[in-house]
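**Student:** The structure follows.
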Amino acid sequence: MKNTTDPSSGHSTPTANRRSPLRIVVLSAALVAAAIGLARAQANPTASPTEGASACATQGGWIDVKTGRSIDRDALFRDLAANTPVVLLGESHTDVDHHHWQLHTLAALHGRAGNIVIGFEAFPRRMQSVLDDWIEGKLTAEAFLKASEWRQVWGYDAALYMPLFQFARLNRIPMIALNVERKLVSQVGQNGWASVPPSEREGLSNPAPASPAYQRELARIYAIKKMMPPGVDPASIPPGTPMPEPDEAALADAIKQPDFQRFVEAQLTWDRAMAEALASAKHKFSNATIVGILGSGHVEGGHGVPHQLKDLGVTAPTSFIPVAVDTACKLVGTSFADAVFTLPRADETPPPERPRLGVFLAQGDGAPRISQVASDSVAEATGLQAGDHVVRAAGLETRNPDDLVDIIARQAPGTWLPLSIRRDGQEIDLIAKFPTRPR
């Protein structure tokens, strides 16, 4: 799913995210339910609890979440290539290490299996012909991003994903569009699945019902969403921002809300769409290993896409998620994933520096509207206020949040950026002064 927010806010995916304490509204799943487990690629069965604890606290290794023991890399990929029909690689959409890990994992799978297909959450089904043209070498990178409506449809930094796309293109690996149009999911969220005529469901069958554990987790996300200021997407909350945690009473109240079931059905629509696309790819490419590149929240706990895959007859999907070493040991014994790959601690690998204005954006009347200004930010120092509409930036008209995001992303450290603001019916000119090093 795509979020249109100021780059200062940083998009994030769920709780495995090394840089965000918040689980995104539409992409979260719980850390509970029955563990799936890895078949035949387990760690040394004689490993002691001490060895398990040491393994999960060491970066750069594969860890069996069920036991906490390390997994031999060669054995893991040998088993996947021979026995696993679908592999799900979870991600935080904005974490560069997650995408590096995905690329290395794809390379290892391709090297071992020699026959893989890669499905991407980033693309709705109508973009399949664009993906085919890219793999056939008919498009430049710039033309590919334009034809796939990358900024409008997905919106995350394309530089994080291009190495994956280039890897597929150079090796002539089929790319599959896993998603559906946001319009469909919005319609389900507003009126419920049953209200959508079958002819408008993009061919989706009825999703398998959410488990009680998934319902509870979605109630948590629903409750958090209700705590947000109007117009603020929880995915746009800056890393490190303290967030209220709903108590049991809040969860119980959320579940009783009339629109909660529609909220659940919207999540299931996404899960089902990607599961059906992966299952269809497995049928079409019967001898290939199908790899899904998708947000971790669709993978965690086995509630999202894995649950829907099993309902579709794909009974042995394997799920991997990268996590920081300061998180990995806490996940041992849960059903978070089949295995995790341990990354450096978040404070050891700070996110790439980029300009940060420090606002949360929503679509306004003909221009992006600022719904909240972060404290101690460039926006606050500039004098921007909640409710302001940014009508121009750097002399360029901004009609929607995407326009402003693009302009901010192009600014170099130390830039003085002219902004034209509409406030209370009057237009005001301001200068946003970015520091020589981003905050």
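The values are calculated or read from the model by the stated rules, or taken from the named source; none is laboratory data. Just so it is clear, the model here is predicted, and its values are computed rather than measured. So basically every Cβ, Gly included, is an ideal-geometry build from the backbone, and we count neighbours across all protein chains shown. Just so you know, the surface numbers come from the protein's heavy atoms only, side chains and all, with ligands and any DNA or RNA stripped out. Shrake-Rupley method; radii C 1.70, N 1.55, O 1.52, S 1.80 Å.
**Student:** Counting only residues that are more than 19 Å from the chain's Cα centre (by Cα) and either over 30 Å from ARG422 (Cα atoms) or touching a residue at least 24 places away in the same chain (Cβ under 8 Å) (or both), give me the strands (runs of 3 or more DSSP E) lying completely in region 278-386 with at least 3 of them.
**Tutor:** Counting at least 3 such residues, we get 359-363, 368-373.
**Student:** Are there any pairs with C-beta distances below 8 angstrom linking a residue in region 394-416 that is surrounded by fewer than 19 Cβ atoms within 10 Å (Cβ to Cβ) to a residue that is of a type in the set (Lys, Arg) and assigned to a loop (DSSP other than H, G, I, E, B), with the two at least 6 apart or on different chains, and if so which?
**Tutor:** ALA409/ARG354; PRO413/ARG437
**Student:** While we're looking at this one, here's another question. Of the residues that sit in region 74-100 and are within 21 Å of the chain's Cα centre (by Cα) and open to solvent by 10 Å² or more (accessible area, probe 1.4 Å), which one is modelled with the lowest pLDDT?
**Tutor:** THR94
**Student:** List the helices (runs of 4 or more DSSP H) inside region 119-167, counting only whole elements, that have at least 1 residues being open to solvent by 10 Å² or more (accessible area, probe 1.4 Å) and at pLDDT below 90.
**Tutor:** Those helices (runs of 4 or more DSSP H) span 150-153.
**Student:** One residue is enough: does region 171-181 have a residue meeting the conditions farther than 21 Å from ALA279 by Cα, surrounded by fewer than 19 Cβ atoms within 10 Å (Cβ to Cβ) and in contact with a helix residue (DSSP H, G or I) (Cβ under 7 Å, 6 or more places away or on another chain)?
**Tutor:** We begin by selecting, within region 171-181, every residue farther than 21 Å from ALA279 by Cα; these are 171.
Next, only the ones that are surrounded by fewer than 19 Cβ atoms within 10 Å (Cβ to Cβ) stay: 171.
This time we only want the ones that are in contact with a helix residue (DSSP H, G or I) (Cβ under 7 Å, 6 or more places away or on another chain), so: 171.
Yes: one or more hits.
**Student:** Filter region 253-265 down to residues that are open to solvent by 10 Å² or more (accessible area, probe 1.4 Å) and part of a helix (DSSP H, G or I), then give me how many there are.
**Tutor:** So the answer is 7.
**Student:** Would you say SER186 is open to solvent by 20 Å² or more (accessible area, probe 1.4 Å), under 30 Å from GLN372 (Cβ atoms) and among the hydroxyl-bearing types (Ser, Thr, Tyr)? Can you show your working first?
**Tutor:** Working: open to solvent by 20 Å² or more (accessible area, probe 1.4 Å): yes; under 30 Å from GLN372 (Cβ atoms): yes; among the hydroxyl-bearing types (Ser, Thr, Tyr): yes.
Yes; evaluated as a whole, the condition is true for this residue.
**Student:** Which residues, taken from region 104-118, are open to solvent by 10 Å² or more (accessible area, probe 1.4 Å) and in contact with a Phe, Trp or Tyr (Cβ under 6 Å, 6 or more places away or on another chain)?
**Tutor:** Result: ALA108, ARG112.
**Student:** Within the set of pairs 6 or more residues apart or between chains, which connect a residue that is in contact (Cβ under 8 Å) with a residue 24 or more places away in the chain and farther than 19 Å from VAL325 by Cα inside region 89-109 to a residue that is part of a helix (DSSP H, G or I) and among the acidic types (Asp, Glu) with Cβ atoms less than 9 Å apart?
**Tutor:** Matching pairs, first to second residue: none at all.
**Student:** Now for a different question. Suppose we filter region 158-191 for residues that are in contact (Cβ under 8 Å) with a residue 24 or more places away in the chain and under 21 Å from ALA107 (Cβ atoms); how many remain?
**Tutor:** Number satisfying all stated conditions: 16.
**Student:** Among the residues of region 168-210, which ones are touching a Gly at 6+ places or on another chain (Cβ under 9 Å) and either assigned to a helix (DSSP H, G or I) or of a type in the set (Ser, Thr, Tyr) (or both)?
**Tutor:** ARG169
**Student:** Identify, please: which residue in region 375-386 is under 16 Å from LEU430 (Cβ atoms) and among the small types (Gly, Ala, Ser) and is, among those, modelled with the lowest pLDDT?
**Tutor:** Going through the qualifying residues, I end up with SER377.
**Student:** Could you please find all residues in region 387-411 being in contact with an Asp or Glu (Cβ under 8 Å, 6 or more places away or on another chain), among the acidic types (Asp, Glu) and either more than 19 Å from GLN426 (Cβ to Cβ) or outside any strand (DSSP E or B) (or both)?
**Tutor:** Once the filter is applied, which keeps residues that are in contact with an Asp or Glu (Cβ under 8 Å, 6 or more places away or on another chain), among the acidic types (Asp, Glu) and either more than 19 Å from GLN426 (Cβ to Cβ) or outside any strand (DSSP E or B) (or both), region 387-411 yields only ASP403.
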